[in-house]
Amino acid sequence: MEWQRLGDILTRQFAVPATAIDQALQDQAASGLRIGEQLLAQGNVQEEDLAQALALQSGLEYVHNPELQPSALEVLELVPIGYAKQYHLIPLEKTAHKIVLAVTDPYDHRPLNDLTSLTGCRISLCLVSARSLLQTIHRGYEELAGGAQEAIEDIDQSSDIDLVGGLEPADLIDASDEAPVIRFVNSMLTKAYKERASDIHIEPFEHDLVIRYRIDGILYEVLRPPHRAQASIVSRLKIMANLDIAEKRLPQDGRLGVRIAGKEVDVRVSTLPTAFGERVVLRLLDKSGGPSSLSRIGIDRTILPRFEAMIRKSHGIVLVTGPTGAGKTSTLYSALSQINSSEKNIITV
């Protein structure tokens, strides 16, 4: 097959302007980036288009939605998550003599030699986008580490009540704490984020401890940890939120920040004493997205111009009501971001 330059493929197949290619080539010397990375940095190509172009150039298969086969977990046990992220790779499948490996750079052969030596298998490559790769890495290692249910089983079998370790992991999925309660709390938060839950309710009863997620306004029961772990789970959350673990007779409010699958998540923590122990509600807010514009959050087009005019007035009150998860905070922050400027002083209470 005749060798094709990446810039030519992007121009011919993906409508990237030739002027953008020329500009990226000029900027390469100063940035030290490859041509594809430079085009991404300049916003002149999409990740998926770049991955498909690299697949065409290298003659490899492009996989749009990579799926992990159960056999791949055997390889994941040998490859640390930091290594997978550093070299941008994830094994998708393993047979007796071959490993199918998803990568974003088909020309980086360093990890291929490592994996060949480590497993004794032949490596077969396929191309994926950077975004798909990261999502698959998080999904695979979360499955490998075991979820909240496995942590529950460990709590049942262990008397370990270590609550302090790993207070500030870089990413909850990367956390390697062995204490069952810590792993349970990390898994509970990760699972809630992945399922797009807005709230986590930890509810003690006389003989049971029930954990429910609020998803699209409806509460679903998802976990039943052993009742004896209730105090440890609540104490762990209090430590993370800088609350007083000794105070169990008064309500407390706090907040904590965690990173889940590379995204910054703000968690508001509220505790309330009940007859059977403290009840905890966690509100999850994804900070990485930032406020949306008013035109994108679903306000009716006939109402939007009037609302935009109202928020620009010099005085007045806007009352926003609705049930949990309806979008009250999103609406208000979108309005504030629309009127925010260097001439205004904005304070929220």
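The values are calculated or read from the model by the stated rules, or taken from the named source; none is laboratory data. Model, not experiment: these values are computed from the prediction. Backbone-built Cβ (ideal geometry, glycine too); neighbour counts: all protein chains shown. Calculation scope for accessible area: heavy atoms of the full protein, side chains included, ligands and nucleic acids excluded. Shrake-Rupley method; radii C 1.70, N 1.55, O 1.52, S 1.80 Å.
Screening Asp199 on (1) buried (at least 21 other Cβ atoms within 10 Å of the Cβ); (2) under 27 Å from Gly322 (Cα atoms); (3) touching a Phe, Trp or Tyr at 6+ places or on another chain (Cβ under 8 Å) shows it passes everything except condition (1). When segment 120-134 is filtered for residues that are of a type in the set (A, V, I, L, M, F, W, C), touching a residue at least 60 places away in the same chain (Cβ under 8 Å) and not in a loop (DSSP other than H, G, I, E, B), the ones remaining, listed by number, are Leu125, Cys126, Leu127, Ala130, Leu133, Leu134. Restricting attention to segment 64-79, the residues that are closer than 22 Å to Ala96 by Cα and either of a type in the set (S, T, N, Q) or surrounded by 13 or more Cβ atoms within 10 Å (Cβ to Cβ) (or both) total 10.
Check Glu143, Glu74 and return the single one that is acidic (Asp, Glu), free of Cβ contacts under 8 Å to residues at least 60 places away in the same chain and part of a helix (DSSP H, G or I). Spell out how you get there, then give the answer.
Numbers: Glu143 fails: free of Cβ contacts under 8 Å to residues at least 60 places away in the same chain.
Exactly one of Glu143, Glu74 is acidic (Asp, Glu), free of Cβ contacts under 8 Å to residues at least 60 places away in the same chain and part of a helix (DSSP H, G or I), namely Glu74.
For first residues located in segment 2-23 and over 16 Å from Gln46 (Cα atoms), partners that are surrounded by 14 or more Cβ atoms within 10 Å (Cβ to Cβ) and lie 6+ apart or on another chain with Cβ distances below 7 Å form the pairs Gln4/Gln57.
Each residue in segment 253-271 was checked for being part of a strand (DSSP E or B), surrounded by fewer than 19 Cβ atoms within 10 Å (Cβ to Cβ) and either free of Cβ contacts under 8 Å to residues at least 12 places away in the same chain or not hydroxyl-bearing (Ser, Thr, Tyr) (or both), and 9 pass. For segment 226-278, a residue qualifies if it is among the charged types (D, E, K, R), out of contact with any helix residue (DSSP H, G or I) (no Cβ under 6 Å at 6 or more places or on another chain) and more than 18 Å from Ala179 (Cα to Cα), and the qualifying residues are Asp244, Glu247, Lys248, Arg249, Asp253, Arg255, Arg259, Lys263, Glu264, Asp266, Arg268.
Only one residue in Glu278, Glu308 is in a strand (DSSP E or B) and either closer than 24 Å to Tyr213 by Cα or in contact (Cβ under 8 Å) with a residue 24 or more places away in the chain (or both). Which one?
Values: Glu308 fails: in a strand (DSSP E or B).
Only one candidate passes the filter, namely Glu278.
Of all the residues in segment 202-222, those that are part of a strand (DSSP E or B), open to solvent by 10 Å² or more (accessible area, probe 1.4 Å) and out of contact with any strand residue (DSSP E or B) (no Cβ under 6 Å at 6 or more places or on another chain) number 2. Only residues that are surrounded by 10 or more Cβ atoms within 10 Å (Cβ to Cβ) and within 25 Å of Ile218 (Cβ to Cβ) were counted across segment 314-349, and they come to 13.
Taking segment 78-102 as the range and being more than 17 Å from Ile123 (Cβ to Cβ) and in a loop (DSSP other than H, G, I, E, B) as the test, only Pro80 passes.
Which count do you get for residues in segment 221-244 that are over 20 Å from Glu206 (Cα atoms) and free of Cβ contacts under 8 Å to residues at least 24 places away in the same chain? Write out each step before concluding.
Within segment 221-244, the first condition is being over 20 Å from Glu206 (Cα atoms), and the residues that meet it are 236-244.
From what's left, free of Cβ contacts under 8 Å to residues at least 24 places away in the same chain: 242, 244.
Adding up the residues that qualify gives 2.
Taken over segment 19-44, the residue count meeting the criterion of being aliphatic (A, V, I, L, M), surrounded by 18 or more Cβ atoms within 10 Å (Cβ to Cβ) and either in contact with a Ser or Thr (Cβ under 7 Å, 6 or more places away or on another chain) or over 16 Å from Asp105 (Cα atoms) (or both) is 3.
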